[in-house]
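Just below is one structure, and these are the notes that go with it.
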Ligand SMILES: NC(=O)C1=CN([C@@H]2O[C@H](COP(=O)(O)OP(=O)(O)OC[C@H]3O[C@@H](n4cnc5c(N)ncnc54)[C@H](O)[C@@H]3O)[C@@H](O)[C@H]2O)C=CC1
Ligand SMILES: O=C(O)CCC(=O)C(=O)O
């Protein structure tokens with residue numbers, strides 16, 4: 001698996017300590033595989049114990065979240081915040097509310113976030129948090145009481161200069177509003193402690209669109225540089241129908257592609273005429289409904305049970321934008337068999353290692369999550385800047401900065417890939433480029 005002795009030794013230690021956290025092990029293994037040539041070229045990283053330290057969060061906070069439901073019954077959930085690495089800036093990363101959230105999931109997301117945030121070129125460390133709370137079927141008042149209870153504990157661990165959370169799965173504008181309100185009430189402080197805020201209270205224009213748009217800016221640039229190609233005239237499959245998926249559909253269509261699928265955890269919609277993004281927004285953002293309803297409203301569309309069917313639809317480009325490990329080996333083979341030439345990840349770690357091996361073996365353009373979906377946290381970083389300046393930039397200004405950041409990520413990834421002897425490898429390049437900046441900062445700051 002690994003040839004470098006230092007990497008082998010540290011990975012064995014991670015396996016021994018965190019063997020019960022499969023998603024975290026998966027994320028660490030993928031990064032370590034890319035780091036072989038980097039560590040070989042930089043013996044100072046071993047001397048400073050950088051790998052041992054980077055896989056160990058600086059702090060993990062785990063807490064009880066007790067709240068009362070609409071029937072007056074007491075409910076108890078678990079809350080988490082992993083403050084993973086602050087070498088290049090305050091901890092930064094989203095909060096996820098989903099029944100599958102546990103310490104290992106939050107740690108995988110936090111670990112990815114360290115390198116992703118480094119790639120943005122902005123000064124942000126890595127963190128992530130969340131809860132096993134399931135907002136599905138909960139009333140608005142229940143969601144508010146949950147968010148208030150969650151923030152009542154979290155507020156003592158975060159701050160604009162220490163740790164700045166944002167949204168992730170099931171944490172959007174509504175939840176960030178409730179969380180921000182409770183932070184302000186308890187701490188009596190009006191600061192940029194969260195990003196993804198409403199535009200009336202310190203949010204940035206284009207943060208809602210940023211991750212999905214960023215995925216498309218990244219794809220467009222990688223296609224241009226590596227394949228002399230673009231979105232124009234391409235058939236695209238997208239999974240998910242949440243924040244990332246919706247704005248990836250919108251931008252891909254603006255760039256001349258036809259997007260033919262969206263999905264949720266129950267099934268997927270196939271629309272040969274091209275997904276009507278306004279219908280998706282109405283169902284998911286306004287009505288908080290199921291994607292099945294799309295096919296009830298748009299006559300050209302078909303609904304199919306089972307979300308993995310998305311990967312059997314013929315396409316040129318696939319954008320997985322739902323959740324981790326949603327593309328397995330079988331799905332990857334189906335994509336290849338049906339003519340797919342590029343997979344670019346909107347979700348965090350949506351491809352299993354076996355799926356990635358299929359992309360690589362078949363010469364697909366593969367854009368890894370930590371690079372391709374970095375647009376969300378990049379605009380969060382721009383929201384922090386605007387909050388500090390006490391001003392707001394226009395949509396066009398933020399969008400232009402986002403596009404520039406995504407193009408820079410492609411360029412920096414390709415430069416690192418070349419430097420470490422793997423020309424054209426966007427995955428190795430992203431891991432190497434993201435890591436080196438953090439590792440150098442860790443070496444410079446001493447053993448912490
Ligand atoms: N919101 C953001 O700014 C960023 C989000 N991400 C990642 O993007 C992914 C999606 O996040 P958001 O769009 O923010 O969440 P969201 O809560 O807005 O949407 C999630 C979507 O995925 C669907 N979904 C969940 N499990 C699924 C499954 N097993 N199969 C198919 N669909 C499923 C849900 O139905 C929903 O449509 C996650 O992996 C998240 O970590 C990454 C970078 C930034
Ligand atoms: O905007 C942020 O701070 C975090 C976004 C996020 O959670 C992610 O990049 O996965």
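Quick note: the coordinates plus some simple rules give every number you see, no bench work behind them. All figures in this text were calculated on a predicted structure; none of them were measured in a lab. No Cβ is skipped: glycine too gets one built from the backbone with ideal geometry, and neighbour counts run over all protein chains shown.
At-a-glance table
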{"read-out": "Shape call, region 342-448: gyration tensor on alpha carbons, a/c limit 1.5", "value": "oblate"}
{"read-out": "Residues residue 444 and residue 162, FRET efficiency given R0 of 22 Å [Cβ-Cβ distance, rounded to 0.05]", "value": "0.65"}
{"read-out": "Cα-projected label distance for residue 41 with residue 419, points at 7 Å along beta-carbon direction, nm", "value": "0.6"}
{"read-out": "DSSP-defined antiparallel bridges as percent of all bridges, region 69-165, nearest 5", "value": "45"}
{"read-out": "Relative packing of peptides 390-402, 225-237 - highest average C-beta neighbours within 10 Å first", "value": "225-237, 390-402"}
{"read-out": "Candidates 144, 349, 384: whichever shows maximal mean-square fluctuation once the chain is modelled as a Gaussian network with Cα springs under 10 Å", "value": "144"}
{"read-out": "Cβ-Cβ FRET estimate between residue 388 and residue 62, R0 fixed at 30 Å, reported to 0.05", "value": "0.45"}
{"read-out": "Tensor-based shape of region 59-187 (alpha-carbon gyration tensor, a/c under 1.5 rounded, otherwise prolate or oblate)", "value": "prolate"}
{"read-out": "Label-zone membership for region 356-398, site residue 226, 7 angstrom Cα→C-beta point, backbone N under 12 Å", "value": "359-369, 371-372"}
{"read-out": "Extension gain (nm, one decimal) between residue 153 and residue 100, 0.36 nm per residue minus Cα-Cα", "value": "17.0 nm"}
{"read-out": "Among beta bridges that DSSP assigns inside region 209-363, antiparallel share in %, nearest 5", "value": "40"}
{"read-out": "Relative contact order for the chain, counting Cα pairs under 8 Å that sit 6 or more residues apart, in percent", "value": "15"}
{"read-out": "Taking region 209-363 and dividing mean pair separation by its residue count, relative contact order in percent (alpha carbons under 8 Å, at least six apart)", "value": "22"}
{"read-out": "Among beta bridges that DSSP assigns inside the chain, antiparallel share in %, nearest 5", "value": "50"}
